[in-house]
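The block underneath contains the structure these notes are about, expressed in structure tokens.
The values are calculated or read from the model by the stated rules, or taken from the named source; none is laboratory data. It should be emphasised that the depicted structure is a prediction, and the values quoted were computed from it without experimental measurement. In this analysis, Cβ positions are derived from the backbone assuming ideal geometry, glycine residues included, and neighbour counts consider all displayed protein chains.
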Amino acid sequence: MKPQPTLRRSLKAHLFFLLALVLLTVPARLAQAADRELYQLRIYHLNNKQQEDRVDNFLRDTYLPALHKLGIQKVGVFKPIGNDTAADRRIMVLVPFKSYGQLSTVTDQLEQDKSFERATQYWTAAYNNPPYARLEVVQIQAMDDKLRLQEPPLKGPRAERVYELRSYESPTEKIHLNKVQMFVQGNEIGLFKRLGFNAVFYGRVLAGSHMPNLMYLTTFENQAARDAHWKAFGADPEWKKLSAMPEYQNNVSKNEQQFLYPATYSDY
């Protein structure tokens with residue numbers, strides 16, 4: 001039996017209403033996502049001190065100046081504490097972008113930068129004499145459109161500073177979103193802020209070798225300050241209440257932390 005004319009008109013009206021609702025809400029959601037900062041974490045894996053020096057020289061003398069020239073003023077460069085004795089030496093570079101468009105534009109412009117050709121120990125290195133063992137890139141998006149990269153207000157000696165990069169992996173994508181919700185709607189970020197963790201960023205990993213997960217970077221004057229902050233965090237009533245909520249149970253399957261210090265030429 002065919003639907004009656006009145007019923008057909010009602011169904012059409014309902015479908016048009018749903019379509020209009022989608023068309024109105026999708027641009028808003030896209031605009032909100034577009035407002036979120038992006039962070040590119042470039043991790044150089046190095047075999048020895050010679051490679052470390054070559055990458056350091058390129059970053060300090062060529063890469064950071066080129067980014068500054070393109071309008072990216074704050075670029076972080078970090079090394080793991082104890083890096084000089086590690087089998088896998090690393091240099092980590094954190095580059096913020098305002099949008100996907102800026103990321104794409106800057107990437108294209110960097111590859112055409114004439115100053116790179118003068119970086120003979122890095123950019124034009126021979127195939128059998130590379131400046132690093134591997135280059136790993138992790139693409140991160142701010143958890144919320146209101147979050148922006150923050151330069152930590154640290155005043156002590158750079159050599160004593162401790163920057164803690166944390167990664168929280170979740171069993172599934174949906175559970176990962178629950179952990180993000182715990183940070184944003186659950187106000188875990190607010191708790192970190194109240195306790196003075198001096199976070200540089202809080203973000204979701206959009207592309208990387210360990211997913212699904214989120215990452216954030218907190219900063220401290222020294223190791224003692226770091227330990228004291230985490231002790232206060234664990235004892236805080238707000239954290240005890242938040243971590244005990246049934247809806248936020250079992251949303252992390254693996255937690256990794258790396259203790260870093262800023263390179264002498266890092267912007268923060």
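Spot the failing condition for residue 151; the list is (1) modelled with pLDDT of 95 or more; (2) surrounded by 13 or more Cβ atoms within 10 Å (Cβ to Cβ); (3) more than 20 Å from residue 210 (Cβ to Cβ), and only one is missed. Only one criterion is unmet by residue 151, namely (1).
Can you tell me which residue in the range 154-176 is modelled with the lowest pLDDT, limited to those that are in contact with a helix residue (DSSP H, G or I) (Cβ under 9 Å, 6 or more places away or on another chain) and surrounded by 12 or more Cβ atoms within 10 Å (Cβ to Cβ)? Working first, answer last.
Of the residues in the range 154-176, the ones in contact with a helix residue (DSSP H, G or I) (Cβ under 9 Å, 6 or more places away or on another chain) are 156, 160, 162, 164, 168-170.
If we keep only those that are surrounded by 12 or more Cβ atoms within 10 Å (Cβ to Cβ) as well, we get 160, 162, 164, 168-170.
Working: 160: 94, 162: 97, 164: 98, 168: 98, 169: 98, 170: 98.
Going through the qualifying residues, I end up with 160.
Filtered by the rule that a residue be assigned to a loop (DSSP other than H, G, I, E, B), at pLDDT 95 or above and either over 22 Å from the mean Cα position of the chain (by Cα) or crowded, with 18+ Cβ neighbours inside 10 Å (or both), the range 49-95 gives a lone residue, 75. For beta carbons closer than 6 Å, sequence separation of 6+ or different chains, a first residue in the range 200-222 that is in a strand (DSSP E or B) and a second that is among the acidic types (Asp, Glu), the qualifying pairs are 213/169; 218/164. Only residues that are acidic (Asp, Glu) and either under 20 Å from residue 136 (Cβ atoms) or in the same structural domain as residue 201 (by TED's automatic domain parsing) (or both) were counted in the range 54-83, giving 1.
How many residues does the range 96-113 hold that are crowded, with 18+ Cβ neighbours inside 10 Å and in contact (Cβ under 8 Å) with a residue 40 or more places away in the chain? It would help to see each step written out before you state the result.
Let us first name the residues in the range 96-113 that are crowded, with 18+ Cβ neighbours inside 10 Å, namely 96-97, 106, 113.
Subset that is in contact (Cβ under 8 Å) with a residue 40 or more places away in the chain: 96-97, 113.
So the answer is 3.
Candidates are the residues of the range 207-233 that are within 14 Å of residue 144 (Cα to Cα) and of a type in the set (A, V, I, L, M, F, W, C); the one that is surrounded by the most Cβ atoms within 10 Å (Cβ to Cβ) is 214. A count restricted to the range 234-264 and to residues that are in contact (Cβ under 8 Å) with a residue 40 or more places away in the chain and either small (Gly, Ala, Ser) or loosely packed, with under 14 Cβ neighbours inside 10 Å (or both) stands at 10.
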